[in-house]
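Quick notes on the structure that follows.
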Amino acid sequence: MLNNLTAHEAHSLLASKKISSVELTEAVFAQIEKTENKLKAYVTLTKDEALKRAKAADNNGNFTGLAGIPIAIKDNMCTKGILTTCSSKILANYLPPYDATIVEKLAAAGAAPIGKTNLDEFAMGSSTENSGFHTTHNPWDLNTVPGGSSGGSAAAVASGECILALGSDTGGSIRQPASFCGVVGLKPTYGRVSRYGLVAFASSLDQIGPLAKDVTDSAWLMNVLAGYDPKDSTSVDIPVPDYRMALVNDVKKFRIGLISDLMGKGTDEAVKAAIKDAARKLESLGAIVEEVSLPTFEYAVPTYYLIAPAEASSNLARFDGVKFGHRSSDAPDLLTMYYNTRREGFGAEVKRRIMLGTYALSAGYYDAYYLKALKVRTLIKQDFEKAFKHFDVLISPTAPSPAFKIGEKAADPLSMYLSDIATIPVNLAGLPAISLPCGFSGGLPIGLQIIGEAFAEEKLLQVAYTYEQNTEWHKRRPTL
Ligand code: GLN
């Protein structure tokens with residue numbers, strides 16, 4: 001079935017005129033028709049618009065790169081005139097007046113956006129259970145979560161409800177859902193991809209990146225996404241390589257550090273076994289694998305839960321019922337209007353983060369919490385710098401367990417927060433990392449995380465590609 005193709009496979013068929021973009025797009029929507037009532041991966045579908053783009057790509061006939069490829073967009077990225085809700089009631093009716101830079105780039109590449117995917121409200125969560133609308137289900141087991149916050153995008157890719165998707169990653173939101181759904185997720189270096197038009201959660205951490213069926217597709221999508229954007233002052237003006245050139249099946253002499261701190265208690269035995277197997281596999285392919293300890297990882301989750309909520313409390317101040325989205329009808333005066341709008345519009349987790357962040361930034365607590373967290377962040381960064389003196393890349397589990405059951409952690413925010421222990425340090429240090437399938441436990445996928453130095457996406461892709469070419473995990477698809 002066409003919807004199960006990777007983007008690069010679909011590209012060959014499009015370029016040789018064996019299929020049309022309209023056929024491909026229709027196959028994706030046929031799958032959506034079949035499985036979306038079980039998965040609930042999307043918030044908004046834009047079939048007419050997608051078919052229009054597909055027709056334009058067919059008429060143009062020049063199929064380079066991602067031209068004519070149906071792609072899903074996480075619903076925290078602005079799409080002009082198309083609902084952009086962040087899966088929040090406060091933005092349930094929000095129609096942006098402009099496109100995010102990455103949406104413009106996709107259009108320029110001729111890709112066909114097919115809809116907006118579900119997420120934890122404002123990207124705060126690890127399961128999509130915090131969505132203000134509905135929970136997305138994991139295509140490998142409908143009783144489990146797809147991960148989060150980009151759970152809709154990951155579930156859509158895994159189930160063939162799109163060919164490729166975009167996610168955003170503040171503390172793991174691309175990699176952890178990729179791990180839970182058995183797909184490939186890449187968080188680029190901070191500054192590599194423009195966030196203009198990404199609704200901000202924690203601005204010193206947020207990055208946009210690809211969710212794909214394999215490593216090759218991730219490289220192809222990176223070619224479209226990466227690059228300097230004067231509209232995002234944090235984007236970095238350095239040349240963008242052709243990431244496809246990094247798809248080389250060779251890790252000989254690569255020095256790989258296995259992060260021992262993420263292989264102890266707290267990580268499932270099945271996950272540890274799969275990661276050890278992956279390390280041995282890389283060794284058998286010529287890499288040199290050694291254990292390495294990054295002792296400050298222990299402090300990463302508490303550090304993140306001061307910095308991210310602090311930034312969120314400031315970023316989310318703009319949703320006050322005046323300029324964007326929902327406004328309470330119970331608004332006898334301005335202050336009550338603010339109160340009621342935010343009370344009605346935000347869900348429990350978003351409120352919790354705003355309160356945590358406001359507290360951490362308050363006069364009197366600022367030095368004790370926020371400033372302390374910034375200092376620990378520097379120590380975490382230094383731990384990575386030390387490790388990269390000896391290693392080309394670092395590896396670890398992406399998550400301490402496979403996908404958990406819907407409802408299992410919903411009432412216990414702390415245990416939910418801890419499921420990001422392996423991904424959060426990477427955001428705090430601004431580094432790139434990829435997650436790719438490396439095994440299964442009880443029918444659920446396990447993800448291998450590969451971490452690199454800033455702007456070393458090519459190294460990640462090369463190691464990931466080599467692993468993928470020499471294993472079969474990425475070929476498994478869920479049956480729905
Ligand atoms: N799960 C983490 C959180 O809840 C990370 C989310 C993200 O990366 N957007 O904040």
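The values are calculated or read from the model by the stated rules, or taken from the named source; none is laboratory data. In this text the structure is predicted, and so the values were computed from the model without any measurement. As a convention, Cβ positions derive from the backbone with ideal geometry for all residues, glycine included, and neighbour counts pool all protein chains shown. Side chains included, ligands, DNA and RNA excluded: accessible areas come from the protein's heavy atoms. Shrake-Rupley method; radii C 1.70, N 1.55, O 1.52, S 1.80 Å.
Nearest 0.05, what FRET efficiency do VAL236 and ASN93 give at R0 = 41 Å with Cβ-Cβ as r?
Taking R0 as 41 Å, the efficiency between VAL236 and ASN93 is 0.70.
Taking a Cβ cut-off of under 13 Å around PHE324, the surrounding Lys, Arg, Asp and Glu residues balance to a net charge of +4, with basic ones at +1 and acidic ones at -1.
Our coupling estimate for segment 51-61, obtained by passing each phi through the Karplus curve with A = 6.51, B = -1.76, C = 1.60 and θ = phi - 60°, is 5, 5, 4, 5, 4, 4, 5, 5, 5, 5, x Hz, Gly and Pro reported as x. DSSP beta bridges fully contained in segment 1-155 are about 50 percent antiparallel. Positive contributions from Lys and Arg (+1) and negative ones from Asp and Glu (-1), summed over other residues with Cβ under 13 Å from the Cβ of ILE288, come out at 0.
In a reduced charge model with +1 at each Lys and Arg Cβ and -1 at each Asp and Glu Cβ, segment 59-171 shows a dipole moment near 280 debye about its Cα centre. Atom-type composition of the exposed protein surface of segment 1-150 places 52 percent of the accessible area on carbon and sulfur (1.4 angstrom probe). Extension gain, LYS323 to SER441, is 37.7 nm, computed as 0.36 nm per intervening residue step minus the present C-alpha separation.
Net charge within 14 Å of SER87 by Cβ-Cβ distance, Lys/Arg positive one each and Asp/Glu negative one each, not counting SER87 itself?
-1
For each pair in LYS38/LYS116; LYS34/LYS80; LYS40/LYS409; LYS252/LYS475, compute the distance between the two Cα atoms and list the pairs where it is over 26 Å. Pairs exceeding the cut-off: LYS34/LYS80. The sum of -39500 (n - 2.57) across all DSSP H runs of n ≥ 4, divided by the residue count of the chain, sets its helix-only mean residue ellipticity at 222 nm to -11500 deg cm²/dmol. I need the shape label for segment 341-412. Rule: rounded when a/c is under 1.5, else prolate if a/b > b/c, else oblate, with a, b, c from the alpha carbon gyration tensor. Oblate, because a/c is 1.5 or more while a/b does not exceed b/c. Accessible surface computed residue by residue for segment 92-183, with neighbouring protein chains in place and a 1.4 Å probe, gives 17 Å² per residue. Cross-link reach is defined here as a Cα-Cα straight distance under 12 Å, omitting same-chain residues fewer than 8 places apart; for LYS386 the aspartates and glutamates meeting it are GLU453. If both residues of a DSSP beta bridge must be in the chain, then about 65% of such bridges are antiparallel. For segment 272-283, putting each phi into the Karplus relation 6.51 cos²θ - 1.76 cosθ + 1.60 with θ = phi - 60° gives couplings of 4, 4, 5, 5, 5, 4, 5, 4, 5, 4, 5, 5 Hz, in residue order, rounded to whole numbers and with x for Gly and Pro. Straightening the chain between ASN143 and ALA15 buys 42.1 nm, computed as 0.36 nm per residue apart minus the Cα-Cα spacing.
Computed from phi, the 3J(HN,Hα) profile of segment 254-270 under the Karplus parametrisation 6.51, -1.76, 1.60 (θ = phi - 60°) reads 5, 9, 10, x, 8, 6, 5, 4, 9, 10, x, 5, x, 9, 4, 4, 5 Hz, with x in place of Gly and Pro.
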